[in-house]
Amino acid sequence: NPVLHIDNVKKSYRNGKVVNPVLKGISFDINPHEVVALLGPSGSGKSTLMKCVNLLEHVDDGQIWLNGTDITDPRVNADNSRARIGVVFQQFNLFPHMSVLKNVTLGAIKVHHWPKDKAEAKAHELLRRIGMNEKTKAYPDQLSGGQQQRVAICRALMTDPELLLLDEITSALDPMLVGEVLDMVTELKERGTTILMATHEMEFAHHAADRIVLLQKGVITENGTPQEVMEES
Ligand code: ADP
Ligand code: ADP
């Protein structure tokens, strides 16, 4: 069974009487341990789709199933659903006035009510894996942008989410720092993490993704292995 099953999702933004259809019936699945790259030109609806999956936006029509739960059903508790999905955005992922350790543990403690020592043990384990256990007391502005994004990924992994959403996580980075963040994504893939990643990194998508979903003007125009999608275009 798929981890994520997106079934005919539609979403429009309204501005007064003007209706702007952004997602025009999106359907695709993500299977366990798959890394799916969501590609598409700016304005095609990638961010909107990511927000619908993370329940930051309501869908107008269609369903999004997470391991058999229709998370778009209003009777399903949205906080519970969000806890099952890890999210990293393009920027502003870390609180500047909090240490790395505090940033990584905050959600687990405050939102998911973990005891502090359990949260800190898990945070240390995740940070150690990326060689950042020396930086637990540092503040975000003492880290490179690449290190900050890797810390943000650690935070998203605290609760062992069923799905990790990565929304343009390298787009705001100095090009020199993109590689270390993509290497971390590759490492997660090797560990079996299921990932939906909106990205402009074509090179990475073609080499590291299991599948490419191409979104154009709110419609999926390609859905296949990198090889299949390359042959089509
Ligand atoms: P992408 O991530 O592919 O660049 P977006 O999902 O950000 O695309 O945007 C798709 C379309 O939706 C664009 O036309 C954008 O202007 C519009 N849009 C996005 N967010 C909003 C919003 N909150 N209100 C109104 N229109 C929006
Ligand atoms: P499709 O629309 O592609 O034919 P289905 O709607 O039959 O696919 O469902 C595919 C997957 O979506 C299922 O394996 C399950 O994870 C989820 N799903 C769909 N409908 C239900 C349901 N009523 N109850 C639980 N899970 C469902």
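The table below lists the values:
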quantity	calculated
Estimated [θ] at 222 nm from DSSP helical runs (n ≥ 4, -39500 (n - 2.57)) normalised by residues in the chain, nearest 500	-10500 deg cm²/dmol
The stretch 104-151: radius of gyration over Cα atoms, expressed as a fraction of 2.2 N^0.38 Å	1.16
For residue 114, residues with placed amide H under 5 Å, excluding near neighbours	109
Stokes-Einstein diffusion coefficient of the chain, Kirkwood radius over Cα pairs, 37 °C, 0.692 mPa s, in µm²/s	179
Cα-Cα over 26 Å, subset of 110/137; 17/51; 51/137	51/137
Hits among lysines - C-alpha to C-alpha of residue 46 under 19 Å, sequence gap 8 or more where chains match	10, 11, 24, 217
Residue 26 long-range amide H proximity, modeled H, under 5 Å	8, 9, 10
Value of D in µm² per second that Stokes-Einstein yields for the stretch 47-158, Kirkwood Rh from Cα pairs, at 4 °C (1.567 mPa s)	85
Amide proton proximity set for residue 4, modelled H, under 5 Å, gap of 5+	30, 67
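No lab work stands behind these numbers, since they all come straight from the coordinates. On a predicted model such as this, the values are computed, not experimentally measured, just so you know.
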